[in-house]
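Q: To start, I am sharing the structure in question, which I have written as structure tokens.
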Amino acid sequence: MKVLKVKNYDEMSEQACSILVDKINNMKHPVLGLATGSTPEGLYKKLIEQYNHGHVSFKDTTTFNLDEYIGLSKNHPNSYHYYMKNHLFQHIDINMDQVHVPKGDVIDIQNECVEYEKAILDHDKIDVQILGLGTNGHIGFNEPGTSFTSRTHMVDLAESTRQANARFFESLNDVPTKAITMGIEAIMESKEIIVLVSGDRKADALARFMNGDISEDFPASILQNHKQVTIIADEAALSKI
Ligand code: F6R
């Protein structure tokens, strides 16, 4: 795994943006895997700036998001559909038919998992997958204990994940208990993976991710086996290495 050490959140976002813009400009039909949460917000802001300056176009880009809460409609302000529209999609020239976010408000979640998986496989492979890191080592919403061979599936969110994400909701009670997530195997099939890590809140997790044993107890550890992983981490996140 390659590690890019940066000073702070802003530099992390800047580096990630410049790598991604370069990739998009050098691919005919880029397929990106996208994350939500606090970590990639700065990256999305910078991608919008680059688009506004005419330095990149997303019209031939396809995207697959990692996850979505079960029970929230697309228009719910805490849904990841809403997040992506708000933080990126509505500001750029992406074709919304080429955007994929798992649907968390359908009756048949199993069928949604199958359909989502099919859509990913139809696009061959994700060219560049952006990941954030959960404090418990989750990637996507693949919580500790998830099989490394998992495909798109429904998960029970760990209590620590619900607590960590409660900051986006009115109260902990409002945080959904279940989600749908891309599986670890599909993430590992991405041609290239960029992991963004910022802040001392992530320092323990980053240390275990980089130096710990590879174990399903700590999902991110499997990334040690991937040939093209770049970690972009700031000083605070790297403070326990
Ligand atoms: C979100 C996702 C999660 C987050 C992780 C870190 O789509 O896949 O794995 O990346 O929970 O969240 P933040 O960035 O809010 O610390």
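Just so you know, all these numbers are worked out from the coordinates, no wet-lab data involved. The model shown is predicted, which means the values in this text are computed figures rather than measured ones. Cβ placement follows ideal geometry from the backbone for every residue including glycine, while neighbour counts extend to all protein chains displayed.
Q: So in the stretch 87-214, what percent of DSSP beta bridges are antiparallel if you round to the nearest 5?
A: Taking every DSSP beta bridge within the stretch 87-214, about 55 percent pair in antiparallel fashion.
Q: Oh, and also: Pull up the DSSP beta bridges for the stretch 1-151 and report the antiparallel fraction as a percent, rounded to 5.
A: 10
Q: When the dipole is taken about the Cα centre of the chain, and only Lys, Arg (+1) and Asp, Glu (-1) are charged at their Cβ, what size is it in debye, to the nearest 20?
A: Around 480 debye, computed over the chain.
Q: Just to confirm the filter: which trypsin sites (Lys or Arg not before Pro) across the stretch 133-241 are DSSP coil and have at most 13 other Cβ within 10 angstrom of their Cβ?
A: K227
Q: For Cα pairs less than 8 Å apart in space and 6+ apart in sequence, what is the mean separation divided by the residue count of the stretch 159-226, i.e. the relative contact order in percent?
A: 18
Q: Which Cα, out of M154, L206, A186, lies furthest along the positive dipole direction of the stretch 95-214 (beta carbon charges, K/R +1, D/E -1)?
A: Of the candidates, L206 comes out farthest on the positive side.
Q: Each residue of the stretch 95-108 in turn: what ³J(HN,Hα) in whole Hz from Karplus with 6.51, -1.76, 1.60 and θ = phi - 60°, glycine and Pro shown as x?
A: 7, 4, 6, 9, 9, 10, 9, x, 8, x, 10, 8, 6, 9
Q: In whole Hz, with x marking every Gly and Pro, tabulate ³J(HN,Hα) for the stretch 200-205 from phi via Karplus 6.51 cos²θ - 1.76 cosθ + 1.60, θ = phi - 60°.
A: Those phi angles translate into 5, 4, 9, 4, 5, 5 Hz.
Q: Then there's this: Please report Rg over Rh for the chain, where both radii come from the alpha carbon positions and Rh follows the Kirkwood definition.
A: Computed over Cα atoms, the ratio is 0.93.
Q: Please arrange E112, E49 by how many other C-beta atoms lie within 10 Å of their C-beta, fewest to most.
A: Ranked by crowding around the Cβ, least crowded first: E49, E112.
Q: Fewest to most neighbouring Cβ within 10 Å: what's the order for L47, L172, L206?
A: L172, L47, L206
Q: Mind checking the dipole of the stretch 1-119: about its Cα centre, +1 per Lys or Arg Cβ, -1 per Asp or Glu Cβ, Debye to the nearest 20?
A: 360
Q: Tell me which GluC sites (Glu not before Pro) from the stretch 136-241 have a DSSP coil assignment and no more than 12 other beta carbons within 10 Å of their own.
A: Sparse-neighbourhood loop GluC sites (Glu not before Pro): E170.
Q: Going Cα to Cα from K178, which lysines come in below 17 Å? Please leave out same-chain ones fewer than 8 positions away.
A: K74, K103
Q: Of the candidates K23, K103, K46, which one comes out as most mobile in a Gaussian network treatment of the chain with C-alpha springs shorter than 10 Å?
A: The residue that fluctuates most here is K23.
Q: Select from the stretch 162-231 those chymotrypsin sites (Phe, Trp or Tyr not before Pro) which occupy a DSSP coil region and have at most 16 other Cβ atoms within 10 Å, ordered by residue number.
A: Sites meeting the loop and neighbour criteria: F169.
Q: Let me ask something else about it. Name the residue from I70, P144, L34 whose Cα lies farthest towards the positive end of the charge dipole of the chain, charges +1 on Cβ of Lys and Arg and -1 on Cβ of Asp and Glu.
A: Farthest along the dipole direction, towards plus: L34.
Q: Hey, another quick one. If the only charges are +1 at each Lys and Arg Cβ and -1 at each Asp and Glu Cβ, what is the size of the charge dipole of the stretch 155-241 around the Cα centre, to the nearest 20 debye?
A: Here the stretch 155-241 has a charge dipole of around 140 debye.
Q: Follow-up. Once phi is turned into ³J(HN,Hα) by the Karplus curve 6.51 cos²θ - 1.76 cosθ + 1.60 with θ = phi - 60°, what whole-Hz value does each residue of the stretch 219-236 show in order, with x for glycine and proline?
A: x, 4, 4, 4, 5, 4, 8, 8, 7, 10, 10, 10, 9, 10, 10, 8, 4, 4
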